[in-house]
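Report on one structure; see the data block that follows.
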Amino acid sequence: MIKSVSIVKGYMARRNVALKCIGCGETIQPNDDCYRVQGLDGWCADDKFVHYCTKCAEEVDYHDDERRENVTGTVNWTWERKGDFSLEVETISTYYSRWMDAITNDMNFATVYFTALMMGAKKSGHSQQCEYDCTNLGEHHARGKDAYSFAKWIYSRTEAQLDCMRDDRCGCHIHVNCIYHFSDELWFYIWNPVFQCMKFDGDNDKMIEYWGRTFTHYARMNKGYHGDAINWHTGHDTVEFRLPHIQSGEQIVRCLKFWRGCVDVVNKWGHKVHNIESAKKLGNKIVKQCFIPLVNGTKYYKGY
């Protein structure tokens with residue numbers, strides 16, 4: 001776990017040798033504020049420090065077009081794993097309501113925050129940035145071509161660190177790339193079969209087991225638009241699953257692989273959809289190929 005986070009000036013350490021930001025690699029100018037992070041796992045040894053300039057450490061505006069977002073993983077050309085995905089990992093502190101208090105005093109939150117910034121940094125050569133979100137203390141994005149990097153990160157979190165993502169304010173919406181743009185009517189019939197299955201006949205315990213929560217204000221018991229459990233009006237070439245919430249590493253990785261599988265069935269067979277009947281047929285295929293194997297424990301439980 002990170003041992004401490006403090007704010008220092010650019011030349012305070014190493015006998016006036018210029019500090020470099022681990023996030024972007026740029027030199028931190030004399031007397032510029034920067035964040036000194038002690039014990040960042042995988043990036044510095046115990047009792048040594050790494051430094052972030054304020055641009056890399058602090059949150060950027062919500063949906064900032066210039067926000068850095070790393071893409072992890074490699075392309076797997078089997079059809080089950082073709083679609084890129086992005087998880088919105090929302091975080092809070094269990095002790096502090098202000099970001100500055102949390103980042104410098106709650107080491108569980110700081111560990112989640114700074115390690116999430118470093119996802120994909122080895123490949124890209126720079127950290128990614130966290131978005132400001134008024135409902136929590138930060139929205140990180142875990143974007144990838146396979147789930148290996150995110151899975152390794154989430155499996156490494158302690159129970160106290162997972163608590164920074166388990167709060168009711170912290171959803172974990174999942175976007176998966178989709179190559180088709182159907183009418184609302186056809187989308188309705190494509191997603192309706194699996195949407196009905198997701199309710200588990202009103203068994204809330206089952207919903208929490210698989211999705212991490214039941215329907216909420218941020219994931220209504222509906223589909224189609226922002227705020228619904230399934231949203232195809234994203235403004236991007238994606239279909240968004242808004243119901244997921246992090247309860248454990250195994251649960252959210254399984255949920256991610258399931259949703260990617262659902263969208264990839266659409267990507268593979270969407271060319272056969274021309275009317276309501278063919279849309280219903282595709283919807284039933286999603287249930288057969290994705291939902292039933294999920295609940296039977298025969299798919300999405302291993303690998304990335």
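The values are calculated or read from the model by the stated rules, or taken from the named source; none is laboratory data. On a predicted model such as this, the values are computed, not experimentally measured, just so you know. We place every Cβ from the backbone using ideal geometry, glycine too, and count neighbours over all the protein chains shown.
Polar (S, T, N, Q) and either at pLDDT 95 or above or touching a Gly at 6+ places or on another chain (Cβ under 9 Å) (or both): is that true of T78 in this structure? No, not satisfied. Just one residue in the set C56, C24, C44 is under 16 Å from A121 (Cβ atoms), in contact with a strand residue (DSSP E or B) (Cβ under 8 Å, 6 or more places away or on another chain), at pLDDT 95 or above and part of a loop (DSSP other than H, G, I, E, B); that residue is C24. Annotation: K122 fulfils all but one of (1) without any contact (Cβ under 8 Å) to a residue 24 or more places away in the chain; (2) within 18 Å of C172 (Cβ to Cβ); the unmet one is (2).
Annotation note: Cβ proximity below 7 Å between a residue of region 213-228 that is part of a strand (DSSP E or B) and a residue that is among the small types (G, A, S) and surrounded by 15 or more Cβ atoms within 10 Å (Cβ to Cβ) (sequence gap 6+ or interchain) occurs for A219/G171; A219/A229; R220/A229; M221/A229; N222/A229; K223/A229.
Here is a yes/no grid of residues against (1) farther than 30 Å from W269 by Cα; (2) surrounded by fewer than 17 Cβ atoms within 10 Å (Cβ to Cβ):
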position: D84; (1), (2): no, no
position: L87; (1), (2): no, no
position: Y95; (1), (2): yes, yes
position: Y113; (1), (2): yes, no
position: L117; (1), (2): yes, no
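For region 187-195, does any single residue satisfy the condition of being in the same structural domain as K272 (by TED's automatic domain parsing), surrounded by fewer than 16 Cβ atoms within 10 Å (Cβ to Cβ) and touching a helix residue (DSSP H, G or I) at 6+ places or on another chain (Cβ under 7 Å)? There is no residue in region 187-195 that is in the same structural domain as K272 (by TED's automatic domain parsing), surrounded by fewer than 16 Cβ atoms within 10 Å (Cβ to Cβ) and touching a helix residue (DSSP H, G or I) at 6+ places or on another chain (Cβ under 7 Å).
Being touching a residue at least 60 places away in the same chain (Cβ under 8 Å) and closer than 16 Å to Y189 by Cβ is the filter here; which residues of region 229-262 pass it? Those that are touching a residue at least 60 places away in the same chain (Cβ under 8 Å) and closer than 16 Å to Y189 by Cβ: V239, C262.
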